[in-house]
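Read the structure below first, then the notes.
What follows draws every value from the coordinates through simple rules; no lab data is involved. Computed from a predicted model, the values in this text were never measured in an experiment. For neighbour counting, all protein chains shown are included, and Cβ atoms are generated from backbone atoms with ideal geometry for every residue, glycine included.
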Amino acid sequence: MVKIFTLRFYQIIGNIPAALESVIPVFDESGEFKCLGRTVEKAINWEEALKFPPELVIINLDDPNIDVFKIIGKYNNRIGIIPNYIGITSSHEKGFEAFQLGFVYVILAPLTMEKILAVLYKYKRTYAQNHFFCIDYYRDFFYLNLHELLLVKADNYTTEFLMRDGSLINNFKNLKHTHPLLPFNFQRINRSYVVNSFYVSRIHTGKNELHLRHYNQPLHYTKKYSENIIHIKKMLLKAPSSVFV
């Protein structure tokens with residue numbers, strides 16, 4: 001089955017128990033999730049968090065230097081899409097308080113690699129990837145439904161998002177930054193264009209042209225990205241019928 005996900009980022013905050021440290025490479029090896037790093041509250045890089053917003057934040061509730069209320073407040077207000085939270089603690093009282101704050105899971109000590117992995121894999125099965133893409137510009141958040149996005153076009157140092165209804169939204173970040181944040185069904189076909197594979201209606205290999213539904217002009221793909229055309233063909237053949245629009 002062809003993968004259609006993009007990287008799902010998560011952040012760890014607080015002192016890292018050995019069991020959690022050993023889990024990171026195992027959990028990340030599938031290529032779907034990626035740890036943005038381990039940090040303390042005062043060292044959170046909010047500019048980096050805006051570039052790669054974490055879907056999941058794991059917090060050591062027993063770290064005396066962590067103000068859980070403050071951290072959640074900052075994440076919920078500074079980032080366009082609110083993350084889910086998982087807490088680790090040796091205290092039932094702190095675990096209960098975390099659930100009251102909306103944590104999706106709490107892992108109680110004693111911590112083992114097996115126990116932590118079981119919770120993370122359960123999270124992976126239970127919580128689907130978000131299908132909205134958030135464009136941020138100085139705390140102004142604009143949300144795009146990825147199912148409605150036809151293509152992304154480079155425009156000098158910015159990018160343009162063309163939607164199915166013909167509307168155009170600008171993002172003040174370049175294509176090199178934007179493309180890795182999109183799901184795998186968004187494939188680059190030349191220096192300037194990334195297309196949503198599920199809208200492809202025709203591939204003319206003789207002319208190196210690709211046609212999209214709801215878009216009148218053919219797009220030219222270059223030899224450098226010909227491997228991506230193979231990925232597009234595979235997704236069109238194997239993707240569930242519900243993704244076709």
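Can you pull a Stokes-Einstein diffusion coefficient for region 133-243 at 25 °C (0.890 mPa s), Rh from Kirkwood over Cα pairs, as a whole number of µm²/s? Here the translational diffusion coefficient equals 171 µm²/s. Across the chain, the relative contact order, built from alpha-carbon pairs under 8 Å that are at least six residues apart, equals 15 percent. With just the Cα atoms defining each centre, how far is region 68-105 from region 158-210? Give it in Å. What the calculation gives is 36 Å, centre to centre. Note on region 8-126: semi-axes of the ellipsoid equivalent to its C-alpha gyration tensor, largest first and rounded to whole Å, are 19, 18, 13. Under 10 °C and 1.306 mPa s, how fast does region 104-186 diffuse according to Stokes-Einstein, given a Kirkwood radius computed over C-alpha pairs? Answer in µm²/s, whole number. Translational D for this selection: 104 µm²/s. Between G73, G87, G206, the GNM of the chain built on Cα springs shorter than 10 angstrom shows G206 fluctuating the most. Summed over qualifying helices (DSSP H, 4 residues or more, each -39500 (n - 2.57)) and divided by its residue number, the chain shows a 222 nm mean residue ellipticity of -8000 deg cm²/dmol. Using 0.36 nm per residue and subtracting the Cα-Cα separation, the extra length available between H211 and F69 on full extension is 46.1 nm. Of V26, V104, V152, the residue with the greatest mean-square motion in the GNM of the chain, using alpha carbon springs below 10 Å, is V26.
Under 9 Å from the Cβ of Q129, count the other residues' Cβ atoms, weight Lys and Arg +1, Asp and Glu -1, and hand me the total. Residues close to Q129 contribute a combined charge of -1. Once the C-beta distance of K115 and T39 is scaled by a Förster radius of 22 Å, the resulting FRET efficiency is 0.45 to the nearest 0.05.
Counted residue by residue at 0.36 nm each, then reduced by the alpha carbon distance between them, the extension gain from K124 to Y157 reaches 8.4 nm. Extension gain for L101 to K223 (0.36 nm times residue separation, less C-alpha to C-alpha distance): 38.8 nm. Its Cα centre serving as origin, region 133-243 has a Cβ charge dipole (Lys and Arg +1, Asp and Glu -1) of approximately 520 debye.
The label-point distance for L168 and E148, in a model that sets each label 7 Å from Cα toward Cβ, rounds to 1.8 nm.
Computed over neighbours whose Cβ is under 9 Å from that of H220, the net charge equals 0, Lys and Arg +1, Asp and Glu -1. FRET efficiency for the pair D28 and S91, taken as 1/(1 + (r/R0)^6) with r the Cβ-Cβ distance and R0 = 30 Å, rounds to 0.60.
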